[in-house]
Amino acid sequence: PAISGETERPAHKRRLTTEPAEILRFTYSDGPHDAEALLVHPGTGTIYIVTKEVSRPAVVYRIEPRFGGDPQTAERIAMVSLPAIPNGLVTAGDISPDGSRLILTDYVAGYEFLISTGDDDLRAVWGQRPAVIDLGKREQGEAVAYGPEGRIIFATGEKRNSEIFRIMRSDTQ
């Protein structure tokens, strides 16, 4: 139910009603990490976290979507190097709605990996050399997402008044 007087307020000042937030508690097996990329597999709901590393490749962790209860330990499943230098400054990521592709981004570009049919835990993805995707002239690129059908990629930066770039895929892979 709306709070009294909420419907008269401008949309940007209204509070939305949601179900109570659920918490998934986890730890990394090897200590704390800086991580900005959080990906959710559209078929399994499995959560992947890709760390942001300055002096080494990024680390990929896998977490089962079990909310509530005791903390679980994130499973370290891979390391991934992006073609850019330094190679571990991953700032965002997403998995396409059909589960066939995965994109990571750094400050400069996007890097797309193909997901093989049946690779629901994504272990085989990380050894690939990704395709480099121009995401536009973002200033300090920080976010990326696939559109609802996976043919469009959206990207933006973290600076104030950053534009949102829409990149239309021309291939059907």
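Below are the figures for this structure:
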{"read-out": "Residue 129 over 27 Å from residue 24 (Cα atoms), modelled with pLDDT of 95 or more and not hydroxyl-bearing (Ser, Thr, Tyr)", "value": "no"}
{"read-out": "Residues located in segment 10-31, provided they are touching a strand residue (DSSP E or B) at 6+ places or on another chain (Cβ under 6 Å) and assigned to a loop (DSSP other than H, G, I, E, B)", "value": "29"}
{"read-out": "Unique residue being under 21 Å from residue 51 (Cβ atoms), touching a strand residue (DSSP E or B) at 6+ places or on another chain (Cβ under 9 Å) and modelled with pLDDT under 95 when the list is 134, 94, 106", "value": "106"}
{"read-out": "Sole exception among (1) outside any loop (DSSP other than H, G, I, E, B); (2) open to solvent by 30 Å² or more (accessible area, probe 1.4 Å); (3) out of contact with any Gly (no Cβ under 9 Å at 6 or more places or on another chain) for residue 93, by number", "value": "(2)"}
{"read-out": "Residue, surrounded by the fewest Cβ atoms within 10 Å (Cβ to Cβ), within segment 109-126, restricted to residues that are modelled with pLDDT of 90 or more and not small (Gly, Ala, Ser)", "value": "114"}
{"read-out": "In segment 121-165, the residues that are polar (S, T, N, Q) and part of a loop (DSSP other than H, G, I, E, B)", "value": "128, 140, 161, 162"}
{"read-out": "Tabulated pairs, segment 17-28, first within 18 Å of residue 48 (Cα to Cα), second at pLDDT 90 or above and of a type outside the set (S, T, N, Q), C-beta under 6 angstrom, 6+ apart or interchain", "value": "22/67; 24/67; 25/71; 26/63; 26/71; 26/74; 27/71; 28/74"}
{"read-out": "Meets criteria (small (Gly, Ala, Ser), under 26 Å from residue 22 (Cα atoms), open to solvent by 10 Å² or more (accessible area, probe 1.4 Å) and touching a Phe, Trp or Tyr at 6+ places or on another chain (Cβ under 6 Å)) for residue 145", "value": "yes"}
{"read-out": "Test: residue 28 is in contact with a Phe, Trp or Tyr (Cβ under 9 Å, 6 or more places away or on another chain), among the hydroxyl-bearing types (Ser, Thr, Tyr) and surrounded by fewer than 21 Cβ atoms within 10 Å (Cβ to Cβ)", "value": "yes"}
{"read-out": "Members of segment 85-116 that are in contact with a Pro (Cβ under 9 Å, 6 or more places away or on another chain), more than 13 Å from residue 41 (Cα to Cα) and hydroxyl-bearing (Ser, Thr, Tyr)", "value": "111"}
{"read-out": "Matching entry among 46, 18 (being under 25 Å from residue 125 (Cα atoms) and either at pLDDT 95 or above or of a type in the set (Ser, Thr, Tyr) (or both))", "value": "46"}
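Let's see how each residue does on (1) surrounded by 12 or more Cβ atoms within 10 Å (Cβ to Cβ); (2) assigned to a loop (DSSP other than H, G, I, E, B):
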position: 33; (1), (2): yes, yes
position: 49; (1), (2): yes, no
position: 54; (1), (2): no, yes
position: 62; (1), (2): yes, no
position: 68; (1), (2): no, yes
position: 74; (1), (2): yes, no
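The values are calculated or read from the model by the stated rules, or taken from the named source; none is laboratory data. Fair warning: this is a prediction, and the values are worked out from it, not measured in the lab. Quick reminder, even Gly has a Cβ in these numbers, built from the backbone with ideal geometry, and neighbours come from all protein chains shown. Areas reflect the complete protein model, heavy atoms only, side chains present, ligands, DNA and RNA absent. Shrake-Rupley method; radii C 1.70, N 1.55, O 1.52, S 1.80 Å.
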